[in-house]
Amino acid sequence: MDVLLHAKKFGVRSLLLQGLTFLSVLTSAFMIWKGLSLFTNSESPVVVVLSGSMEPAYHRGDILFLHNGYTPIEVGEVVVYKLDGKPIPIVHRVIKVHTENETEKQYLLTKGDDNNADDRGLYNPGQLWIQRDEIIGRVKGFVPYAGMGTIWMNEYPQLKTGLLGALCVLSLFSND
């Protein structure tokens, strides 16, 4: 009943306008994301660093911009890769590259700058190298600490719930 009273007070036309505006914002964000994905040849052109394993180069909360070009990956490049069966991508530096002569297929060994050992312990059981198709992208730029809000919302779900609730209440009672 409360929703019907609210609809009568503000008018159905106004509520429809707010709904359409919200949908256009969501659609625009999705189109921008997909456009960036196509332009960068990466399924995820922007990622947030979740751990301190790449310090001092990248810190927890840094936003990284990725590009996945077709040129061979070289030792020293920072890449983001995702392994089968593991949901979270990993940001680490390439420390060894093995290229097959016949196929020119690349096999990579990675390591976090702040880690003592290479990533073979993180790879799937029996896997000694990551392959080129597991690379999401190469780091091309970053914004320091700009992703800390994402980390806080994942670590404190009540913060995410409170922010979403506040946004919903504000959108319901705005006069625009």
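The values are calculated or read from the model by the stated rules, or taken from the named source; none is laboratory data. Quick caveat: nothing in here was measured; it's all calculated off a predicted structure. Note that each Cβ is placed from the backbone with ideal geometry, even for glycine, and that neighbours are counted across all protein chains shown. Quick note on the areas: whole protein, heavy atoms, side chains included, nothing else; ligands and nucleic acids left out. Shrake-Rupley method; radii C 1.70, N 1.55, O 1.52, S 1.80 Å.
Here the calculated FRET efficiency for residue 107 and residue 166, from their Cβ-Cβ distance with R0 = 41 Å, stands at 0.25, rounded to the nearest 0.05. Post the alpha-carbon centroid distance, region 93-135 to region 148-163, in whole angstrom. The distance from the Cα centre of region 93-135 to that of region 148-163 comes to 33 Å. The peptide list 16-29, 105-118, 70-83, put in order of mean Cβ contacts within 10 Å with the highest first, becomes 105-118, 70-83, 16-29.
Across 92, 67, the residue with the most accessible area heads the list, and the full order at a 1.4 Å probe is 67, 92. List every DSSP H helix in the chain whose Cα atoms extend 20 Å or more along the helix's own long axis and whose mean Kyte-Doolittle hydropathy is at least 0.5. Going by DSSP H runs, the hits are 12-40, 157-173. Think of each Lys and Arg Cβ as +1 and each Asp and Glu Cβ as -1; about the Cα centre, that makes the dipole of region 49-176 roughly 180 debye. Relative to the current alpha-carbon distance between residue 131 and residue 88, full extension at 0.36 nm per residue lengthens the span by 13.8 nm.
Per residue, region 50-96 exposes an accessible area of 51 Å² to a 1.4 Å probe, with every protein chain left in place.
Calculate, in whole percent, how much of the Cα-Cα pair population of the chain lies beyond 29 Å. Tail of P(r) above 29 Å: 39 percent of Cα pairs.
Over 26 Å between Cα atoms, which of 34/105; 111/160; 105/140; 34/96 qualify? The answer is 34/105; 111/160; 34/96.
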